[in-house]
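Here's the structure, in structure tokens; my notes come after.
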Amino acid sequence: MVSDQLERRGIRDPRVLRCMASVPRELFVPGAAAFAYDDRALPIEAGQTISQPYIVARMTELLALDRGARVLEIGTGSGYQAAILACMGATVVSIERHAELAARARERLGQLGVSGVEVRVGDGSRGDVVGAPWDGIIVTAAAPSLPEALREQLAVGGRLVVPVGPRAQQDLVVVERRGEDEWTERSDGPVVFVPLVGEGGWQEGGSGAPGFGG
Ligand code: SAM
């Protein structure tokens, strides 16, 4: 997976490659361990997905985290991305709207002895003002438009990585806060994610068919 799917497609950060090699992805893929290292998103409980390995690696790389960074993840899912962030030396708060998924993720992270990850249940689409400012915010579900509340919760120098766009396909948007009132924004390319459902995302209902990315 690391050489064929990640290095070959341009993932360069050695810390990301090391973490992707060391976190056992099969433990996060319920009932589909044989496919754990396939180059695609896979189904997990509650009709959700664990993202494609390349997308997990790319989003992690785009966060450009220093050791000890405080990161907010929205969309815990299986807990795999959170485990990668913890492996990168980050302290993570991860919010998941499905209680069932949050419980399973906590269990897996506990079994693996991953520390520094707090999994919460709730609508993370507005972020977490109390814990702000965040050095990194990663949204692993697709927002219809750039969530302004999340931009505001970045620390100066922090980065927000979020899929933004219509349900069928989105842009992976990277926002960097350069100063109190200065942000830059760019697209890292097309992705397909399940929808961010909540106050700052899509309304519940409608088609949320998962794609190849997440
Ligand atoms: N990061 C996950 C992993 O490593 O397995 C994959 C996440 S999956 C592609 C997207 C997740 O976002 C789903 O578990 C979904 O329930 C969750 N989600 C969607 N809207 C949310 C919201 N408003 N707040 C928190 N979680 C949300």
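Take every DSSP beta bridge whose two residues both sit in region 20-179, then give the antiparallel share in percent to the nearest 5.
Working: 8 of 27 bridges.
Expressed as a percentage, antiparallel bridges in region 20-179 total about 30.
Counting neighbouring beta carbons within 10 Å and listing from fewest to most, the residues Met20, Met1 come out as Met1, Met20. Among Gly127, Gly31, Gly77, the residue with the largest mean-square fluctuation in a Gaussian network model of the chain, with springs joining Cα atoms closer than 10 Å, is Gly31. Using the Cβ atoms and a cut-off under 10 Å, what net charge is assigned to the surroundings of Asp39, where Lys and Arg are +1 and Asp and Glu are -1? Local net charge: 0. Over the chain, all Cα pairs binned in 10 Å intervals from 0 give whole-percent P(r) values of 9, 38, 41, 11, 0, listed from short to long.
Dividing the mean sequence gap of close Cα pairs (under 8 Å, 6+ apart) by how many residues the chain holds gives a relative contact order of 17 percent.
Sorted ascending by nearby beta carbons within 10 Å, beginning with the fewest, Thr91, Thr76 become Thr91, Thr76.
Peptides 50-57, 111-118 ranked from most to least packed by the mean count of surrounding Cβ atoms within 10 Å: 50-57, 111-118.
Taken together, the values in this text are just the output of simple stated rules run on the coordinates, not laboratory data. All of these numbers come straight from a predicted model, not from anything done at the bench. Using ideal geometry, Cβ is built from the backbone for each residue, glycine included, and neighbour counts are taken over all protein chains shown.
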